[in-house]
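Structure first, commentary second.
Every number in this text was worked out from the coordinates using simple rules, so none of it is lab data. Everything numeric in this text was worked out from a predicted model, so none of it was measured. Note: ideal-geometry Cβ built from the backbone for every residue, glycine included; neighbour counts use all protein chains shown.
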Amino acid sequence: MSRDILLVDDYKVYYSTFSGAVRAVDGLSLRIISGNIVGIIGESGSGKSTFAQSLVLPKHPMFIAGGKAIFLEKYDLTKISVRERRSILLTKLSYIPQYAMDSLPTIKKLKTFIRDIASEKNVSYSEILDKFRERLKQVNLSDNILDMYPLQLSGGMRQRVLIAISTIFRPALLIADEPTSALDVVSQRQVLELLKDLKEQDLVDSIMIISHDIASIRQIADRLAIMYAGKIVEEGESEKVIHDPLHPYTSLLIRSVPSLGINYKETRLKGLGGFPPNLINPPKGCRFHPRCPFATDICRAKEPPTIQIGDRRVSCWLYVER
């Protein structure tokens, strides 16, 4: 029987502002089981990065407004102390933040940074250094870079260094927030393949990868969760979501992304149209209804329930009668 790595239920994360609470994540439910790679996909401003960061280390003005986030069937990430949270970071729960290439200390050589990690985790420096050297080989980097500063490395190399660091302790869950942003196309593919390889080598149990690029993430993700305006509107096996999208937003999102093998002189890309809602005062009913071509009166009046269709979930009034 599959083990629950992360079980999130009715999870809410808001931001305090002078104008009111920004409901960045508002009633999100998600399950990640052992061995899975789950892609969280959506436009900028959909709440993806807020969701990821809140699981790792929520910081003011962000605050958890409700729900549960049970990690490894033991830790409720909405309630644990800062000390307990820090104790599981890197060892059980690892995180590659957005704009990760800027997260390495510029004034420290890599070996000094590794020494700091050993000190914080109260483990032998020589032991962790040996593990890091092993990881460097696995991400196709020479251990000569241990004597280098991050600024001496290319963007792709820094990203691979961060992946090596984040898997030193074989974490149960690696959260990667836009790990291919600011990389060229070749480096993007290498990073995604590397993440998949590390999971297959059992150097990390499960991965949650955040992205707006559904075309790239489908290459490695077992399941996709489509996020819009703080909510997951559709979730299921990657290929089923791609080839048979249920939610109108998913369908429009896929049609707005370039694909190989299409003659764009004959078939034009179709943009989503409109803009994401203001999450201080989101629209009543379905949050997508102002941009949805299928919206009806009930969509404008009531929030849709989440419907289970086979092994997929969708939040849309179109499927309520099924």
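Using amide H atoms built 1.01 Å from N in the peptide plane, name the residues 5+ places from R218, or on other chains, whose amide H lies under 5 Å from its own.
Residues meeting the amide H criterion: none.
Given springs between every Cα pair under 10 Å in a Gaussian network model of the chain, which of S54, S46, S256 has the largest fluctuation?
Greatest mean-square fluctuation among the candidates belongs to S256.
Can you tell me the FRET efficiency between D147 and S124 if r is taken as the Cβ-Cβ distance and R0 is 22 Å, rounded to the nearest 0.05?
E(calc), rounded to 0.05, equals 0.65.
Magnitude of the Cβ-charge dipole of the stretch 1-135, K/R +1 and D/E -1, about the Cα centre, nearest 20 debye?
The calculation lands at about 400 debye.
Is there a quick way to get the dipole size of the chain? I mean about its Cα centre, with the Cβ of Lys and Arg at +1 and of Asp and Glu at -1; what is the value in debye to the nearest 20?
Charge dipole, the chain, about its Cα centre: 540 debye, nearest 20.
Sort 141-154, 27-40, 226-239 by packing, meaning the average of other beta carbons within 10 Å per residue, with the highest value first.
226-239, 27-40, 141-154
Within the chain, what percent of beta bridges assigned by DSSP are antiparallel, to the nearest 5?
Around 60 percent antiparallel, to the nearest 5.
Once phi is turned into θ = phi - 60°, what whole-Hz ³J(HN,Hα) does the Karplus curve with 6.51, -1.76 and 1.60 give for every residue of the stretch 289-298, x standing for Gly and Pro?
4, x, 10, 8, x, 10, 5, 10, 4, 5
Extension gain S2-R300, at 0.36 nm per residue separation less the Cα-Cα distance, in nm?
Additional length available on full extension: 103.4 nm.
Whose amide H sits under 5 Å from the amide H of Y11, counting only residues 5 or more places off or on another chain, with H placed in the peptide plane?
When sequence neighbours closer than 5 places are left aside, the close amide H contacts are G27, L28, S29, K68.
Please report how far the C-alpha centroid of the stretch 135-198 lies from that of the stretch 48-75, rounded to the nearest whole angstrom.
First find each Cα centre; the distance between them is then 25 Å.
Search the structure for amide H atoms under 5 Å from the amide H of I209, placed 1.01 Å from N in the peptide plane, and list their residues when 5 or more places away or on another chain.
Here the answer is V38, G39, I40, A176, since their amide H atoms fall under 5 Å of that of I209.
How many nm separate the modelled label positions at S34 and K240, each set 7 Å beyond the Cα in the direction of the Cβ?
2.3
Each residue of the stretch 236-241 in order: what ³J(HN,Hα) in whole Hz does its phi give by Karplus 6.51 cos²θ - 1.76 cosθ + 1.60, θ = phi - 60°, with x for Gly and Pro?
Once rounded to whole Hz, the list reads x, 4, 3, 5, 5, 5.
Just order 56-68, 160-172, 187-199, 7-19 by mean Cβ neighbour count inside 10 Å, highest at the front, would you?
Ranking, from highest mean packing down: 160-172, 187-199, 7-19, 56-68.
Nearest 500 deg cm²/dmol is fine: what mean residue ellipticity at 222 nm does the chain get from its DSSP H runs of n ≥ 4 alone, each adding -39,500 (n - 2.57), divided by its residue count?
Calculated mean residue ellipticity at 222 nm is -8000 deg cm²/dmol.
For the stretch 115-246, with only Lys/Arg (+1) and Asp/Glu (-1) charged at the beta-carbon, what is the dipole magnitude about the Cα centre, in debye rounded to 20?
I would put it at about 240 debye.
Compute the distance in nm between two label points, each set 7 Å from the Cα along the Cα-to-Cβ direction, one at A21 and one at E193.
4.6
Would you mind checking the pairs K240/K302; K109/K231; K74/K231; K79/K111 and listing those with alpha carbons more than 32 angstrom apart?
Table pairs above 32 Å Cα-Cα are K109/K231; K79/K111.
Counting every Cα pair in the stretch 1-153, what percent are over 26 Å apart?
40
Which Cα, out of G45, L195, M208, lies furthest along the positive dipole direction of the chain (beta carbon charges, K/R +1, D/E -1)?
G45
Given a Förster distance of 41 angstrom, what is the FRET efficiency for K137 paired with F275, based on the Cβ-Cβ distance and rounded to 0.05? Walk me through the numbers before you get to the answer.
Numbers: r = 47 Å, r/R0 = 1.13.
After rounding to 0.05, the efficiency reads 0.30.
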